[in-house]
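Nothing in this text is a laboratory measurement; each read-out follows from the coordinates by a stated rule. In this text the structure is predicted, and so the values were computed from the model without any measurement. Glycine also receives a Cβ, built like all others from the backbone with ideal geometry; neighbour counts cover every protein chain displayed.
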Amino acid sequence: MHEEEKEVNRKTWWVMGIILLVLIIGIAGYYIWFQQKQMQEMSEIFALEKEKWLDDSEEISLQFEGMKFSVNNDSLLTLLTIEQAKVQRLQEEVRTLRVTSVRQINELKRELETIRKVARSFVVQIDSLNAENEKLKNENKQVTQRYQQAASKAAQLTRDVEKLSERVQTAARLDAVNIQLSPVNNRDKPAKIDKATRLILTFIISKNITAPVGEETIYVRLMKPNDELLKKPNYGFFKFENKDIEWSLFKKIEYDGEEQAIKLYWDVEEFLSPGTYRVAIFAGGNEIGRKSILL
């Protein structure tokens, strides 16, 4: 009888264990299903956000296209064409982009808002130009004095357009940040400047969706504490502010609008004294970064 009770107890524990195992499997299965459902819902939301972004950007692209028909100013028409091409290039990138996070969505929204601001500035400029042109037509029918006044206003508008063009060019200029200059020994370990066998220069070209893409040459000038330029024999020149400027280092890069890390090396063949060294970085005829570094 005692053995029978033991057998019954064992069977009871077995049944309870199986029930508990089934419950655990069921809960785990439900959790996995729930997570997959959430991921699917997020994927659908990201896809909808991406589609909405493309629709909004297409609307802006069409807005740029419509502006062209109401502009008689060649400079402004060129700027419109450039900005529309940038929007279309960004659209192609987004169409092939697989959006998987809220961060990507927010970044796309920020880029679209930047484009919207540019479009609004063009609308203001075009409205001003059209209004002034219409006013000029009416005033030209009157006295010469009023014609001269209108011509003066037109000249001011032209200067405004040129300023807008300069702002667009400034926005498209590259920017070098996080500039670091480090003296190292033969094993690339940190060393004192007067014991260094080479200098390592690192910096980052910032992301800029308005900058032209393609091959770009980066020039660097390294100035010693006594303001003497570090250079090797037979080094060349580059153009800056209509002058031929000597460089210390240069590198050709393929810029795609995204952030890009740059590293350059200077082999030390001369005596380098402790002091403040100055680094100046150039690209596209512009100075894009400068820093003084105490070594």
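The stretch between residue 232 and residue 262, if pulled fully straight at 0.36 nm per residue, gains 8.7 nm over its current Cα-Cα span.
In a simple Cβ point-charge model (Lys, Arg +1; Asp, Glu -1; nothing else charged), the stretch 176-294 has a dipole of about 440 debye relative to its Cα centre. For residue 246, the shell of other residues with beta-carbons less than 9 Å away shows a net charge of +1, using +1 for Lys and Arg and -1 for Asp and Glu. For the cross-link pairs 189/252; 189/232; 86/109, which exceed 19 Å when the distance is taken from alpha carbon to alpha carbon? Result: 189/252; 189/232 exceed 19 Å.
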